[in-house]
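Below is one structure, written out as structure tokens; comments come after it.
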Amino acid sequence: MRYFFYPHIPACTRILLIESGSRRLIEGLLPHLRDLFGEDAEMDLVTCYAGEPQGFAGRVFNVNDYGGASGRAALWADLAERQYSVAGVICAAEPIMTKWKWWLGAKLPAKLFIINENGDYFWLDRLRVRQLLRFVAYRLGLTGSAAAPALVRLVCFPVTLAYLLLYAGTVHLRRKIRQTRNARTTERRSSVY
């Protein structure tokens, strides 16, 4: 993310693609990326799927081979030595490799571009903040006809949470008061007899 404040695109000699969507998406995108960056640019792929996508001729890093903290460190060591100038992150509406893509996106010293499920993309920099906000709003369901129910849920959540906490507190306080009264009554009766 080091190029967020730098709006220009660096020389694309080595590109990392983070496949956090279905395989058909990256396979359909590869010819467009070759046209965009040229045939000389080396492309590598971080994925969770077995094998390589059709038409891909680069190094594949499978996250299943890098388990645990030591695995993440080994993956980072392998990727850091490759010195990527550009990284593409697939942000499809599928929860695949979510933690991996955000970890890599934050850690890589490369210019990022976001790819959606339609194969469209945009560069992640300060000039495209509005586009990023529209993308995030769409993903959160805050656009179109879904916006009103989402905003109502957002407003109602703190009120509902406060009500439930007050209700639980009241019930437990009443129970504690009842237990204290019963204990005193039992103590009085035992002292009378």
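The values are calculated or read from the model by the stated rules, or taken from the named source; none is laboratory data. Just so it is clear, the structure is predicted and the values come from calculations on it, not from any experiment. Cβ sites come from the backbone with ideal geometry, for glycine too, and all protein chains shown count toward neighbours. Ligands, DNA and RNA are stripped out before the accessible areas are found, and what is left, the full protein with its side chains, is counted by its heavy atoms. Shrake-Rupley method; radii C 1.70, N 1.55, O 1.52, S 1.80 Å.
Looking across segment 36-51, the residues that are at pLDDT 85 or above and farther than 19 Å from Val89 by Cβ come down to Ala50, Gly51. Here Leu75 passes the criteria (1) within 15 Å of the chain's Cα centre (by Cα); (2) open to solvent by less than 30 Å² (accessible area, probe 1.4 Å) except the one numbered (1). When Phe56 is tested against the conditions (1) surrounded by 13 or more Cβ atoms within 10 Å (Cβ to Cβ); (2) touching a residue at least 40 places away in the same chain (Cβ under 8 Å); (3) part of a loop (DSSP other than H, G, I, E, B), the lone failure is (2). The residue pairs whose first member lies in segment 88-100 and is touching a residue at least 12 places away in the same chain (Cβ under 8 Å), whose second member is outside any loop (DSSP other than H, G, I, E, B) and small (Gly, Ala, Ser), and whose beta carbons are closer than 9 Å, counting only pairs six or more residues apart or on different chains, are Val89/Gly105. For Ala137, the conditions (1) under 23 Å from Leu25 (Cα atoms); (2) modelled with pLDDT of 85 or more; (3) of a type outside the set (D, E, K, R) all hold with the exception of (2).
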